[in-house]
Every structure is written in C-alpha cells, then in structure tokens.
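The values are calculated or read from the model by the stated rules, or taken from the named source; none is laboratory data. The structure presented is a predicted model; accordingly, all values stated were derived computationally and were not measured. Neighbour counts run over all protein chains shown; Cβ positions are idealised from the backbone, glycine included. For accessibility, only protein heavy atoms count, side chains too; no ligands or nucleic acids. Shrake-Rupley method; radii C 1.70, N 1.55, O 1.52, S 1.80 Å.
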Amino acid sequence: MSTKEKPAIQSTVDGFEKRPMWTRLAAANTFWIALVLIALIVVFTAIAPNEFATLFTFQTLLIETSVLLVLSVGMTFVIITSGIDLSVGSVLIFAGMVAGKTMEGLSPDGDATKAGWGIIFAGLAAAVVAGTAWGLLNGFLIAVAKIPPLIVTLGTMGGALGAAYLLNNGSDVRSVPTELNKTLGYGTSFGGVPNLVLVAVVITLIGAWLLHTTKFGRYTYAVGSNAEAARRVGIGVTAHLLKIYTLTGFLAGIAGFMSLAYYASTTISAHTTDNLNAIAATVMGGTSLFGGIGSVLGTVIGVFIPAVLKKGFNITHVQDFWQMIAVGAVLIAAVWFDQQRRRKRNSR
C-alpha cells in the first residue's frame, strides 16, 4: 500500500512574504526619530552630565512639554485624516482667556486669586466649552461646507486670537486662583511626579487607545488613506471629520486651562507659535502629511525632540537660534523620508 506524501503547507503568499522585524523597524519613521531623540539625550548628557542628566532637568522638561503634548495628540488625529489645524494655538489662548474671565466674574471684586474649587471647576468647564465650540466650527466649515482645512483654520486662527484680545482689552488675565496654580500648575503626586504631567499622560494614553484600538481610530486611518473609498464602504466621512476637529478643539481647551494653571496668566505672546510647534512635532514623529499614517507614540517622541534641543542648548550656553535650525532640519528630513517611503510603496 503506497503512502501519499502530504504537500508542504505554503507559509507565505507569493509577493507578500512576511518581512523580518528589523526590516519593519527600519522602514518606520518612529524608529529613526526615536534614535535621534536618544542620541540627543546621550550627547547632552556627555557634554554636561552634572546639569543635563538631573531629576530637576527632566522634571522641568516634562512640565514644559505637557501643554504642547495635549495639543499634538489632537493634531495627530487631524493630520492622519490628511487635514491640518492652524488654529489650535489661538484656540488655546481663547480658552484660557474665557476660563480666566469666568473665574474672575464669579469671584468677589473680580479677583480670582482666592477662589475655591467650585469656581475653578467652572473655569475648567468654560475653557472646554470654548475650545470645543471653535473645534465644532472648524469641523462644520471643513466637513459640511467643504472649505479646505488650511483656509478654514487660518481664518479661525486669527478669529480666536482676536476674540481673546477683545475679551480683556488686549491684555493678559493675571488673576488666577492660587489653589489652581499650587495644585495643577506646580503640584506633584506619587513622590514627585508633576500633576500637570500626569494630566498630559492620561490624555495621551486615552488618545492612543482611541486611535489604535477603536472603530473611531480605524475610521480615522481609512478617511486619511482614501476618503472616497471610505465613503463607499459606508463610513460617514463628513460626520467623522466633524468629530475629529471637535476633538482637537476640545483638547485645545484643556491645554488652555493647563497653561493657565502653570503660568498663572494667559501668556498670550508665549503661545503664538504653538500651532506650528504641534504640527512640527506630529510630523517629526512620523505622521504623514498625506494622511493615513501616524501614531501617538511617534508624536510623543516628536514633541520631546525640540524640547530636549532647547534644554540642552540652554544648559550648554548655545544660542536658541540653533534649536530652530536643528528642528527645521529634522522636520524636513522627516517629510523627505515619508515621501521616499510613499513612492517606494506605490512603485510595488
């Protein structure tokens, strides 16, 4: 009796062999940008070990990046849909101004420095509502009125900043509750972790969960990869874009309140370039300006590169201008790498 040999099971499909882990890592922008961040930390630690590699330096570094990180999480969702939001910095300022004026208005004699938690929570709610309203407006004009995101958010950038100036006659709000500044602004928990950092970490983790594990996240990638294809398979592209820009405005509102807690002022002039910093951090982290590709982890790394450069240059007494040049070079390199990867994928 003859025994038939069983055919070997084909483990791969022709042309679609599983690539080794190293090949997949080498093709990921996030991997290379993480190496850049590690290299910067190693270099500055070697140059100034007693000043850079300290707990105080890393604490201040984390605090200073917290507000930008929250803004950048929202920007990651927007750019993955192949959109852009130039208004987040102005919305942050407007939300902080609304929160400050609300707390002043609810306090005796308009002085909110001694306000309690009831008034502080009212200020937080006002900031969130203000930010969400601008995000909803952006989303409506982009998704429903079909106006290009660049034009819409350029217009609302000026509108939100101008409205913030009008609310307090062109000056900053400086009457901020001391309790808010002590607790959220400079307070710590778990043996020294700044509360502001904890808030940013929680928001970042929620953003990562939303983008990478939920239907909302899958729709975000689908809309960014091919909006027409997403529409044909039943995804409500208009409604989804409306949600994405509303989410970004919501996060800008929270970021405005965090900034108010840390600086104890609206600090209008300090946030005028936050929109560009958020876009640069998101793109440096590997999120494609063409849509469909990106990760929250990459954005976190992208946020820290300019911050580490600035901190390192300050400690080693190098002029801040070099930080701008270095960040610009890394940003251009990230976009070039993304273009090369996209061309290579399209040529297969």
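Against the conditions (1) small (Gly, Ala, Ser); (2) touching a residue at least 12 places away in the same chain (Cβ under 8 Å); (3) open to solvent by 60 Å² or more (accessible area, probe 1.4 Å), Gly116 satisfies every one except (3).
Give the residues of segment 208-237 that are open to solvent by 70 Å² or more (accessible area, probe 1.4 Å) and touching a residue at least 24 places away in the same chain (Cβ under 8 Å), sorted by residue number.
Within segment 208-237, His212, Ser225, Asn226 qualify.
All of Leu247, Leu150, Leu205 fail the test of being touching a residue at least 60 places away in the same chain (Cβ under 8 Å), touching a helix residue (DSSP H, G or I) at 6+ places or on another chain (Cβ under 9 Å) and either assigned to a helix (DSSP H, G or I) or surrounded by 14 or more Cβ atoms within 10 Å (Cβ to Cβ) (or both), apart from Leu247. The numbered conditions (1) more than 29 Å from Thr156 (Cα to Cα); (2) part of a helix (DSSP H, G or I) are all true for Lys114 except (2). Keeping to segment 286-335, report how many residues are among the small types (Gly, Ala, Ser) and on the phi > 0 side of the Ramachandran plot. Residues in segment 286-335 being among the small types (Gly, Ala, Ser) and on the phi > 0 side of the Ramachandran plot: 4 in total.
Conditions tested, residue by residue: (1) in a helix (DSSP H, G or I); (2) crowded, with 16+ Cβ neighbours inside 10 Å; (3) at pLDDT 95 or above.
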{"residue": "Val78", "(1), (2), (3)": "yes, yes, yes"}
{"residue": "Gly89", "(1), (2), (3)": "yes, yes, no"}
{"residue": "Ala95", "(1), (2), (3)": "yes, yes, yes"}
{"residue": "Gly105", "(1), (2), (3)": "yes, no, no"}
{"residue": "Ala126", "(1), (2), (3)": "yes, yes, yes"}
{"residue": "Ala130", "(1), (2), (3)": "yes, yes, yes"}
{"residue": "Asn138", "(1), (2), (3)": "yes, yes, yes"}
{"residue": "Leu141", "(1), (2), (3)": "yes, yes, yes"}
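Within segment 250-281, track down each residue that is surrounded by 18 or more Cβ atoms within 10 Å (Cβ to Cβ), hydrophobic (A, V, I, L, M, F, W, C) and touching a Phe, Trp or Tyr at 6+ places or on another chain (Cβ under 8 Å). Scanning segment 250-281 gives Ala252, Ile268.
Let's see how each residue does on (1) touching a residue at least 60 places away in the same chain (Cβ under 8 Å); (2) touching a strand residue (DSSP E or B) at 6+ places or on another chain (Cβ under 9 Å); (3) surrounded by 20 or more Cβ atoms within 10 Å (Cβ to Cβ); (4) not in a helix (DSSP H, G or I):
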| site | (1), (2), (3), (4) |
| --- | --- |
| Thr156 | yes, no, yes, no |
| Ala160 | yes, no, yes, no |
| Ala163 | yes, no, no, no |
| Leu166 | no, no, no, no |
| Val173 | yes, no, yes, yes |
| Leu180 | yes, no, yes, no |
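Among the residues of segment 121-138, is any farther than 23 Å from Gly159 by Cα and not basic (Lys, Arg)? Taking every residue of segment 121-138 in turn, at least one turns out to be farther than 23 Å from Gly159 by Cα and not basic (Lys, Arg).
Restricting segment 284-299 to residues that are surrounded by fewer than 24 Cβ atoms within 10 Å (Cβ to Cβ) and among the polar types (S, T, N, Q), the residue that is modelled with the highest pLDDT is Ser295. The residues listed here are Ala281, Ala307, Ala334, Ala329; of these, the one that is in a helix (DSSP H, G or I) and modelled with pLDDT under 75 is Ala334. Applying a threshold of 6 Å to beta carbon distances and a minimum spacing of six or more residues, or different chains, the list of pairs starting in segment 310-327 at a residue that is in contact (Cβ under 8 Å) with a residue 40 or more places away in the chain and ending at one that is buried (at least 17 other Cβ atoms within 10 Å of the Cβ) reads Lys311/Leu61; Gly312/Phe44; Ile315/Phe52; Val327/Pro306.
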